[in-house]
Amino acid sequence: MNTLVNLGGIVMKNPVTTASGTFGFGLEYQTYVNLQRLGAITVKGTTLKPRLGNPPPRIAETPSGMLNAIGLQNPGVERVAEEIMPQLAALGVPVIINIAGDTLEDYAQVARRLDGVTGVAGLEVNISCPNVKKGGIQFGSDPFTASEVTRAVKSATELPVIVKLSPNVTDLVVMAEAVAGAGADALSMINTLVGIAIDVDRRRPVLGNITGGLSGPAIRPVAVRAVWQVHRAMPLIPILGMGGIMTARDALEFILAGATAVAVGTGNFVNPRATLDVVEGIEHYMKEHSFNEISELVGLAQRDINKE
Amino acid sequence: MSQLLKAEITDCQETGPGVWVTELLAPSLAQAAVPGQFIHIRCGEDSDPLLRRPISIHAVYRRSGLVKIMFQVVGQGTTWLAGRRDGLLDVMGPLGRGFTTLTGEQTGTAAVPRLVVVGGGIGAAPLYFLLQELARAGNAQQVKVLLGARNAEHLLIHNAVKLLGFSVGVATDDGSAGYHGPVTDLLAEELQLKLDYVYACGPAPMLKTLCGMLQYAGVPGEVSVEERMACGVGACLSCVCRVKDAGGMETYRHACVDGPVFAAGEVVW
């Protein structure tokens with residue numbers, strides 16, 4: 001059985017990674033997860049300078065989901081490259097670093113700094129963070145700016161570049177086409193959906209940031225639909241699918257819709273072993289249904305469905 | 001070392017109005033836990049409620065491998081938990097940084113330090129485990145315990161603490177038991193005499209007042225805070241608490257790994 005996948009130049013021994021921001025820098029989960037069993041580790045959004053993040057409360061639980069407004073708290077690219085990457089590189093697992101910035105130049109500088117750092121297998125460009133005032137989603141809601149960011153990062157690095165798309169747009173396919181046209185090697189989708197929760201007793205918003213990003217099983221059908229639509233329109237670009245994956249069966253929905261790889265996000269909080277359960281569950285499914293190559297499953301649910 | 005484990009529920013009882021104590025058979029947890037740490041409990045099998053609930057460890061019996069948690073029913077998760085009388089509980093733990101249990105040498109002043117332990121409302125829950133440890137260390141006669149509650153009915157651990165051999169002062173908001181007023185007034189009396197260390201857990205306004213008093217009196221101590229938490233392991237960065245670092249700069253620390261116990265002088269209220 002072959003579970004090896006190639007996500008736009010990032011070679012993963014199985015299709016399972018972690019969703020940025022839900023797995024820290026990986027090391028936080030070492031007690032629970034044999035990190036070497038993962039296809040890749042995608043780490044917390046990294047910016048040029050350290051960021052403190054948003055004032056608390058930063059999360060709110062919602063039906064089968066949660067809102068978060070962390071605000072890209074991170075130690076900055078220098079510490080990630082110098083202190084964290086050496087520890088992660090020792091694991092021998094591809095590391096995907098999610099990068100974010102306030103300006104085009106920020107993205108390019110972070111990308112340049114990480115180019116050639118041992119252990120970094122690829123970059124995931126965050127143009128869809130809903131929780132920061134500048135940058136983030138601004139870059140991800142306009143096809144022109146999204147393609148500019150993609151170009152800036154591509155020209156600053158030799159590493160494979162994945163662009164993470166926001167579902168908070170009118171037409172995700174337009175965004176996907178724009179960033180693919182600008183040279184993205186792969187796409188990841190979806191980032192969180194913007195939401196608000198109100199504390200009825202206090203008569204105030206729950207989150208310090210007022211709005212937050214919705215994640216968890218509540219968004220899974222939206223995410224599967226996004227993967228389906230983009231894969232249908234652009235079958236050649238690899239997709240990293242995510243949104244509410246808790247189990248292998250959830251992950252398989254994404255793969256069958258057209259995702260080459262999948263990321264477990266909020267599921268890690270519920271079950272710290274969720275990533276490994278998904279890896280093992282996919283292997284079990286392949287064995288049970290006699291699939292030798294994981295690639296046979298990618299987009300399989302779309303077979304024989306006519307294009308309108 | 002923290003673990004993901006299935007703990008057997010051996011008992012579950014309501015011990016106060018809406019306050020429950022669940023007893024778990026979890027020898028590895030009992031061995032590893034220190035006072036002030038918490039366990040992260042999955043409340044249900046499906047995705048609603050989604051997130052685990054962090055609940056502080058209330059009591060530990062190492063020889064029998066038993067661990068107790070005490071919690072107030074406030075929402076979906078705790079309602080579910082209070083309904084579990086047997087079976088297995090999906091638990092991560094022990095997690096977080098707990099209280100520093102001081103010895104005389106560490107304070108450098110008294111041979112046996114004079115300590116005050118202050119609990120407000122459900123905040124008394126983790127303090128019982130701390131007092132178990134202090135009793136084991138044989139410091140019982142130097143410890144004063146102060147407990148505050150809304151009324152007599154809501155007083156939680158005072159009888160159990162007396163059984164450990166500690167002297168207990170009680171304050172209630174309505175005067176139905178002990179001193180009529182905030183528990184911090186009782187602390188003010190204790191601060192008249194020399195104190196080495198104060199431990200506290202309770203509602204934020206109480207802790208804020210208490211930290212101010214300690215700073216004014218120049219007495220060190222530790223407080224256990226509560227924040228909304230998701231992962232419990234320092235990955236999601238949700239449960240931030242604003243603190244002053246060594247250089248006096250304000251920054252965020254995480255209640256799950258840097259806390260929930262922080263130095264009293266460190267927290268910015």
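The values are calculated or read from the model by the stated rules, or taken from the named source; none is laboratory data. It should be emphasised that the depicted structure is a prediction, and the values quoted were computed from it without experimental measurement. Please note: Cβ atoms are built from the backbone with ideal geometry, for glycine as well, and neighbour counts cover all protein chains shown.
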Tell me which residues, restricted to segment A:256-273, are of a type in the set (S, T, N, Q), surrounded by 24 or more Cβ atoms within 10 Å (Cβ to Cβ) and within 14 Å of another protein chain (Cβ to nearest Cβ).
A:Thr266, A:Asn268
What number goes with the only condition from (1) aliphatic (A, V, I, L, M); (2) away from chain A (no Cβ under 12 Å); (3) out of contact with any Leu (no Cβ under 8 Å at 6 or more places or on another chain) that B:Ala255 does not pass?
(2)
Note: among B:Ala230, B:Ala171, B:Ala235, B:Ala177, just one is touching a residue at least 12 places away in the same chain (Cβ under 8 Å) and within 14 Å of chain A (Cβ to nearest Cβ), namely B:Ala230
The condition from (1) more than 22 Å from B:Leu131 (Cα to Cα); (2) outside any strand (DSSP E or B) that B:Arg253 misses is numbered (2)
Residue hits (segment A:20-42; facing another protein chain (nearest Cβ under 10 Å) and either part of a loop (DSSP other than H, G, I, E, B) or of a type in the set (Val, Ile, Thr) (or both)) are A:Gly21, A:Thr22, A:Phe23, A:Gly24, A:Phe25, A:Gly26, A:Gln30, A:Thr31, A:Tyr32, A:Val33
Quick check: anything in segment A:119-130 in a strand (DSSP E or B) and within 25 Å of B:Cys241 (Cβ to Cβ)?
no
Pick from segment A:2-19 the residues that are part of a loop (DSSP other than H, G, I, E, B) and touching a strand residue (DSSP E or B) at 6+ places or on another chain (Cβ under 8 Å): which of them is surrounded by the most Cβ atoms within 10 Å (Cβ to Cβ)?
A:Pro15
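Out of all the residues in segment A:63-73, which are under 12 Å from A:Ala197 (Cβ atoms) and crowded, with 20+ Cβ neighbours inside 10 Å?
A:Gly65, A:Met66, A:Leu67, A:Asn68, A:Ala69
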Got at least one residue in segment A:248-255 being modelled with pLDDT of 95 or more, more than 29 Å from A:Ala180 (Cα to Cα) and surrounded by 17 or more Cβ atoms within 10 Å (Cβ to Cβ)?
no
Of all strands (runs of 3 or more DSSP E) fully inside segment A:43-101, the set with 1 or more residues that are touching a strand residue (DSSP E or B) at 6+ places or on another chain (Cβ under 7 Å), within 14 Å of chain B (Cβ to nearest Cβ) and under 21 Å from B:Cys241 (Cβ atoms) is A:59-62, A:65-68
By residue number, the members of segment A:168-200 that are closer than 17 Å to A:Asn68 by Cβ and hydrophobic (A, V, I, L, M, F, W, C) are A:Ile190, A:Leu193, A:Val194, A:Ile196, A:Ala197, A:Ile198
Please count how many residues of segment A:266-298 are over 19 Å from A:Lys13 (Cα atoms), of a type outside the set (Ser, Thr, Tyr) and out of contact with any Asp or Glu (no Cβ under 9 Å at 6 or more places or on another chain).
6
Which condition does A:Leu276 not pass, out of (1) surrounded by fewer than 22 Cβ atoms within 10 Å (Cβ to Cβ); (2) of a type in the set (A, V, I, L, M, F, W, C); (3) away from chain B (no Cβ under 12 Å), if it passes all the others?
(3)
Given (1) closer than 17 Å to B:Cys231 by Cα; (2) crowded, with 23+ Cβ neighbours inside 10 Å, identify the lone condition not met by A:Ile97.
(1)
When you scan segment A:164-217 for strands (runs of 3 or more DSSP E) that lie fully inside it, which ones turn up with 1 or more residues that are within 14 Å of another protein chain (Cβ to nearest Cβ) and β-branched (Val, Ile, Thr)?
none
Condition set surrounded by fewer than 18 Cβ atoms within 10 Å (Cβ to Cβ) and part of a loop (DSSP other than H, G, I, E, B), scope segment B:228-250, selection modelled with the lowest pLDDT: answer is B:Ala246
Would you please name the residue that is surrounded by the fewest Cβ atoms within 10 Å (Cβ to Cβ), looking only at residues in segment A:102-121 that are under 13 Å from A:Thr157 (Cα atoms) and out of contact with any helix residue (DSSP H, G or I) (no Cβ under 9 Å at 6 or more places or on another chain)?
A:Gly116
Which residue, of A:Ile59, A:Ile99, is touching a helix residue (DSSP H, G or I) at 6+ places or on another chain (Cβ under 8 Å), in contact (Cβ under 8 Å) with a residue 40 or more places away in the chain and among the hydrophobic types (A, V, I, L, M, F, W, C)?
A:Ile99
Report yes if some residue within segment B:205-227 is closer than 25 Å to A:Val43 by Cβ and not in a strand (DSSP E or B); otherwise report no.
yes
How about segment B:1-95: which strands (runs of 3 or more DSSP E) wholly inside it have at least 2 residues that are of a type outside the set (Val, Ile, Thr), in contact with a Pro (Cβ under 6 Å, 6 or more places away or on another chain) and at pLDDT 95 or above?
B:38-41
Among (1) over 23 Å from B:Glu266 (Cβ atoms); (2) small (Gly, Ala, Ser); (3) in contact with a strand residue (DSSP E or B) (Cβ under 7 Å, 6 or more places away or on another chain); (4) not in a loop (DSSP other than H, G, I, E, B), which single condition is B:Ala200 missing?
(1)
